[in-house]
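The values are calculated or read from the model by the stated rules, or taken from the named source; none is laboratory data. This one's a predicted model, so the numbers in the text were calculated from it and none came from an experiment. Please note: Cβ atoms are built from the backbone with ideal geometry, for glycine as well, and neighbour counts cover all protein chains shown. We work out accessible area using only protein heavy atoms, side chains counted, and drop any ligands, DNA or RNA first. Shrake-Rupley method; radii C 1.70, N 1.55, O 1.52, S 1.80 Å.
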Amino acid sequence: MIQLNDIFKYYDNKFQRSYVLKDFCLNINEGEFVSIMGPSGAGKSTLLNIIGMLDVADDGEYFFMDQPAHKLSDKKKVEFHRNYVGFIFQAFHLIDEMTVAENIETPLIYKGVKSKERKAMVADLLDRFNMVAKKDLFPAQLSGGQQQLVGIARAIISKPKLLLADEPTGNLHSDQGKEIMKLLKKLNEEEGITIIQVTHNEEFAQYGKRIIRIEDGMKKSDLPVATLLEQV
Amino acid sequence: MYLLKIAFRNLFQKQQHSITRIISLAAGLAFGILMLSEVFYYYSFDSFYPEASRVYVVQSNARLSDDNAEMDVWDRTSGAIAPGMKDEVPGVEVATRLNSIGNLIFYTADQKSYKGRCVLADEYVYDVIPRNMLVGNAKEAMLKPSNCIISSKIAASMGDDAVGKVIEFRKYPGVQLTVAGVFEALPENSNYKYDVLISMSSIAQFFDWDGSTNWLGNDRYYSCVKLDAGVNPKDLAPAIRKMQEKHQDIIKLEQDHGGELLKYTLIPIQKVYVSRIQGMVIILSTIALAVLFVSLMNYVLLTFSSLINRAKSSAVYKTCGATANDLKKIIFTESFVFFVLALSAALVILMAVKPLVENLVAHSLEATLNQYVLWPIVGVLIIFVLLSSYFPGRFFANIPVSAAFRNYKQKKNKWKLGLLSFQFIGASFILTLLVVVTLQYHKMINADHGYRSQGVYYCSTNGIDGSKLNMIMNELRKLPEVEKVGMGEEVPVYQQSGNNIYSQDGKKDLFNIADFYSVDENYLSILDIDVTNGRDFSTSGINNNDVFISKKCAELLKIHNHWEDGVIGKEIKVSEHQRSTIKGVFDDFIIGSIVEPDKRPSVFFYQSEEGFIRQKEKYPSMEFKLLVQAKTGMEANIRNKIKQVVDMALPNKDAVVRSLEDEQFNGYQAQLSFRNGMLAGNVVVFLITIIGLIGYTSTETTRRSKELAIRRISGASISDLIVNFILELQYLVLPSLLIGLGLAWFILTKWMESFAQKMPLQWWIFLLCSIGILLMVAIIAMIKYSRIASRNPVESLRYE
């Protein structure tokens, strides 16, 4: 599903070039749940942004669902965002002026889903996430865990094939974090959504099937969780 | 609806500066719309006439003196020109001419009095410039002598049965007209206004001499022609010239006067009004657009600042599948909502200041509610909305997603400085304009006009029984407050009608003069006009019809007649007058106002007080003025006392006593309105600029809070930081100031072009205005920056 070949990402300063990602290669198959780990500034989020087509690599090739993402037009990228990719953020990034229901509905509007169908899909998801009573509340009226639930609901409402989560539990306390991880695992196992998460948390990383460690923009290790557990 | 809902909710979000944005936008829109609608209103004049694009006004282009290279242009002709063009110029479908006899008081049989602009018109008037007839037939009415038609406004004040009533004019006792019809009153945007149309065949009742068929001279007729469809007025020039050759003997006249002397041109009726106030139109448009532009830039600046706080939501929308166009739509809807709210607030402001505004613009605001004003305004507003949403929309759509999810801050502030600089340009431009306009206005009203106006009052003799004049003069002289009483046909505050001085052999005109006609022995001393050469009127040896001439007139006579031994005692012939002997020379004074002074030489003819009284007894409709000079410090209530005396000779006790000083002051009403407009514009632009400056400093302090903290830690004092920031701003302000001052200098030079006395555009005025702006910027920046600079740097870094 995802194939990164020799990806470079760098910033040119006056006298030197700083590499964020260096000769990075990666293959992720459909249905995988991958955790990316590494210290701050290692390039995790940049990698996620490149995979999510929010940022572009300075060099290298990126194929998403066999399409050369590094050559895609902005219009085509928007198509992919609408149909195949969902995003979950550490800071939730809900739109403050929208209610819970409206936040969840937003991707469907841009996907061109008709109003009636949208309402039904939102209602269905609210029911599934036990948030029906909160549908008319604004983000500021919700707890962090509830906000992240809304963020996940918004990310999956358009039935994406890939879910990119940038430290989804980073702003939550551990119990809320576990709940969110369980939910992501469930989405991966039951609905077959490919999930790539960036995390600092070893425990939460193990909710995935594979852990990739990055340091200084380079891949240090790429092992299945089962193998890692065996090593421990 | 979805976008509208979100836009409305956004209004109440923190850090959106919604109230500030709406207030500054509303202030700019209120002033900008008002000024622009005024400009469009000027352009709407006479457009209400059906097929107005085919109607033209005939202009006389004449060289008034042989020395004069340029031709003077005015939109009046001799009486025969309009019918002549109809008969002899192919392409002219129909023509008419109107002859104003003034703003007159008239009475109905029941002694009720009315006032209206009265105009003589021929039967073709409504074929060219038609009005809807509510009662009667205009053509039939205009054919019959002693007939008139009146406006619906006058008719309404007369009651339901106005038609058939007989009216009699105060100025023309015994002249009676029958109301034969009622026309729909002219709107305010009429260039040539009238309330009563009198049949041209009644002319003999108003004038001793009928000039309605005169080919040359007596050019007081407003001539209008309607051309055949598709005719270019310029193509009619040869035929018009042919008509002149046939009826005016123009070839011989030109030979005598050495070149082109008189020609007629056609100006579209819709452009007549605006052609007179071209300078004012340029200035108003510039100011209106400047204010709108400044408020637009300010709105964009504040919107950008608020959008920075929403950078993440731009990225979120994108991750939800929104395209750049979707984001632009969001911002467009928000801008539209802001604009609608600001426009509503602007309309509320305009309604609140309506009486003040109407006083300023000298017409009702409702008069601007016509298609020629509204559509262009709508067009300007649409452009405004598009611009106010385009730039922020583009900015919002282009925020890079990956950067937005981090702590997005702008790296550069050049664009903000650019937007702010437009506001500084606007502020310095309009402040300088205000200062110079105010100084010029005060210079004009305080300027020595060359005659006394303070403590001088006058009253028309219209309607006064001549046999009672002597009694009135005596009664006025008895008033303890009165210094002197005199008589004269004209006063210097108004433009005077012209007459020509002929050459000694009487064969050619030498030059045109402002003719003040007759004045008595007290007139010159009341107005404190000194006779510098020759004798005063009050001395003996002065006879009726002796003439006193201005210095300029004397110089011209010396040149033309080769009078090397002076002018005193010489005889001259002035049109409309018998040969007169020059008895004295006085210094030229300002005729009319300094804004548009009548620069011609002037003359006074002497007529004794007894002579005036005799004339009035003989010709009851003769009008002249009674002048009263008050004793110093005794002016209180004198107007009322003069009125009481004059009313003794008026059956309707309706004397109007005017102060010469007030009338002189009224001559500068347009400049006062302009000054007040400038003042309002200045307040608006300053408000917007201050808001913009506060917005800028707020975002800058946030953007650079880390830098400020680090500077503090590095040892900079609070004052060091403030001075540093203020200096940075002043580097931006200085070039903006120079541009603004340059623009102001250009516009002011244009504005003052025609003034007789000009406020010199001295460097210190510009310097003071610059210092004012610099101080304003420094004070606002100091207040804003001192708060952030004095913050604990650790706190700032933690905040960062």
* Structure fact -> In the stretch B:697-729, residues that are within 24 Å of B:L296 (Cβ to Cβ) and open to solvent by less than 10 Å² (accessible area, probe 1.4 Å) total 3
* Asked: Residue check: is B:A311 open to solvent by less than 40 Å² (accessible area, probe 1.4 Å) and touching a residue at least 24 places away in the same chain (Cβ under 8 Å)?
  -> yes
* To do: Report yes if A:G52 is within 9 Å of chain B (Cβ to nearest Cβ), under 19 Å from A:I212 (Cα atoms) and open to solvent by less than 20 Å² (accessible area, probe 1.4 Å), otherwise no.
  => yes
* Output the number of residues of the stretch B:651-669 satisfying the condition of being open to solvent by less than 50 Å² (accessible area, probe 1.4 Å) and either farther than 29 Å from B:E168 by Cβ or in contact with an Asp or Glu (Cβ under 7 Å, 6 or more places away or on another chain) (or both). => 6
* To do: Look through B:I788, B:I765 and report the one residue that is part of a helix (DSSP H, G or I), open to solvent by less than 60 Å² (accessible area, probe 1.4 Å) and at pLDDT 85 or above.
  => B:I765
* Qualifying residue in the stretch B:263-276 (condition: in contact (Cβ under 8 Å) with a residue 40 or more places away in the chain, assigned to a helix (DSSP H, G or I) and more than 16 Å from B:D75 (Cα to Cα)) -> no
* Structure fact -> Residue pairs qualifying under the 7 Å Cβ cut-off, at least six apart or on distinct chains, with the first in the stretch B:640-667 being over 19 Å from B:R452 (Cα atoms) and without any contact (Cβ under 8 Å) to a residue 12 or more places away in the chain and the second being among the aliphatic types (A, V, I, L, M) and surrounded by 14 or more Cβ atoms within 10 Å (Cβ to Cβ), are B:D647/B:A655
* Asked: Can we say B:D565 is modelled with pLDDT under 90 and in a loop (DSSP other than H, G, I, E, B)?
  -> yes
* Selection from the stretch A:55-64 of residues that are within 14 Å of another protein chain (Cβ to nearest Cβ), open to solvent by less than 70 Å² (accessible area, probe 1.4 Å) and under 19 Å from the mean Cα position of the chain (by Cα) -> A:D55, A:A57
* To do: Mind checking which strands (runs of 3 or more DSSP E) fall wholly inside the stretch B:45-115 and carry at least 3 residues that are open to solvent by less than 30 Å² (accessible area, probe 1.4 Å) and out of contact with any His (no Cβ under 9 Å at 6 or more places or on another chain)?
  => B:55-62, B:92-108
* Structure fact -> When A:Q67 is run through (1) touching a Phe, Trp or Tyr at 6+ places or on another chain (Cβ under 9 Å); (2) open to solvent by 70 Å² or more (accessible area, probe 1.4 Å); (3) over 24 Å from A:E191 (Cβ atoms); (4) more than 9 Å from chain B (Cβ to nearest Cβ), the failure sits at (3)
* To do: Confirm whether B:S18 is polar (S, T, N, Q), in contact (Cβ under 8 Å) with a residue 40 or more places away in the chain and away from chain A (no Cβ under 14 Å).
  => no
* Asked: Does A:R82 satisfy the condition of being under 26 Å from B:R9 (Cα atoms), facing another protein chain (nearest Cβ under 9 Å) and open to solvent by 20 Å² or more (accessible area, probe 1.4 Å)?
  -> yes
* **Positions within the stretch A:85-105 being open to solvent by 10 Å² or more (accessible area, probe 1.4 Å), within 9 Å of another protein chain (Cβ to nearest Cβ), among the hydrophobic types (A, V, I, L, M, F, W, C) and over 18 Å from the mean Cα position of the chain (by Cα), in sequence order** => none
* Asked: Quick one: A:L4 ticks every box in (1) at negative phi; (2) in contact (Cβ under 8 Å) with a residue 24 or more places away in the chain; (3) facing chain B (nearest Cβ under 10 Å); (4) open to solvent by less than 50 Å² (accessible area, probe 1.4 Å) bar one, so which box is it?
  -> (3)
* Among the listed residues B:K573, B:K552, B:K618, which satisfies the condition of being in contact with an Asp or Glu (Cβ under 6 Å, 6 or more places away or on another chain) and open to solvent by 20 Å² or more (accessible area, probe 1.4 Å)? -> B:K552
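If a residue counts only when it is within 14 Å of chain A (Cβ to nearest Cβ), which helices (runs of 4 or more DSSP H) contained entirely in the stretch B:355-462 have at least 3 such residues?
Helices (runs of 4 or more DSSP H) meeting the threshold: B:401-405.
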* Asked: Among the strands (runs of 3 or more DSSP E) confined wholly to the stretch B:153-211, which include 1 or more residues that are over 20 Å from B:R76 (Cα atoms) and acidic (D, E)?
  -> B:166-169
* State whether one or more residues within the stretch B:303-321 are more than 30 Å from A:F89 (Cα to Cα) and either assigned by TED's automatic domain parsing to the domain that holds B:S44 or not in a helix (DSSP H, G or I) (or both). => no
* **Looking only at the stretch B:160-171, and only at residues there that are open to solvent by 20 Å² or more (accessible area, probe 1.4 Å) and within 35 Å of the chain's Cα centre (by Cα), the one that is nearest to B:D110 (Cα to Cα)** => B:E168
* Structure fact -> Note on the stretch A:134-146: residues within 14 Å of another protein chain (Cβ to nearest Cβ) and either of a type in the set (D, E) or touching a helix residue (DSSP H, G or I) at 6+ places or on another chain (Cβ under 7 Å) (or both) are A:D136, A:L137, A:P139
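Suppose we filter A:K209, A:K220 for residues that are more than 14 Å from every other protein chain (Cβ to nearest Cβ), open to solvent by 20 Å² or more (accessible area, probe 1.4 Å), more than 20 Å from the chain's Cα centre (by Cα) and not aromatic (F, W, Y); which single one remains?
A:K220
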* Could you list all residues from the stretch B:621-644 that are open to solvent by 20 Å² or more (accessible area, probe 1.4 Å) and in a loop (DSSP other than H, G, I, E, B)? => B:S621, B:M622, B:E623, B:K631, B:T632, B:G633, B:M634, B:E635, B:A636, B:N637
* For the stretch A:119-133, state whether one or more residues are among the hydrophobic types (A, V, I, L, M, F, W, C), at the interface with another protein chain (Cβ under 10 Å from one of its Cβ atoms), within 13 Å of A:A153 (Cα to Cα) and touching a residue at least 24 places away in the same chain (Cβ under 8 Å). => no
* To do: Go through the stretch A:11-26 and give me each residue that's out of contact with any Phe, Trp or Tyr (no Cβ under 9 Å at 6 or more places or on another chain) and either more than 17 Å from A:L48 (Cα to Cα) or surrounded by fewer than 10 Cβ atoms within 10 Å (Cβ to Cβ) (or both).
  => A:D12, A:N13, A:K14, A:F15, A:Q16
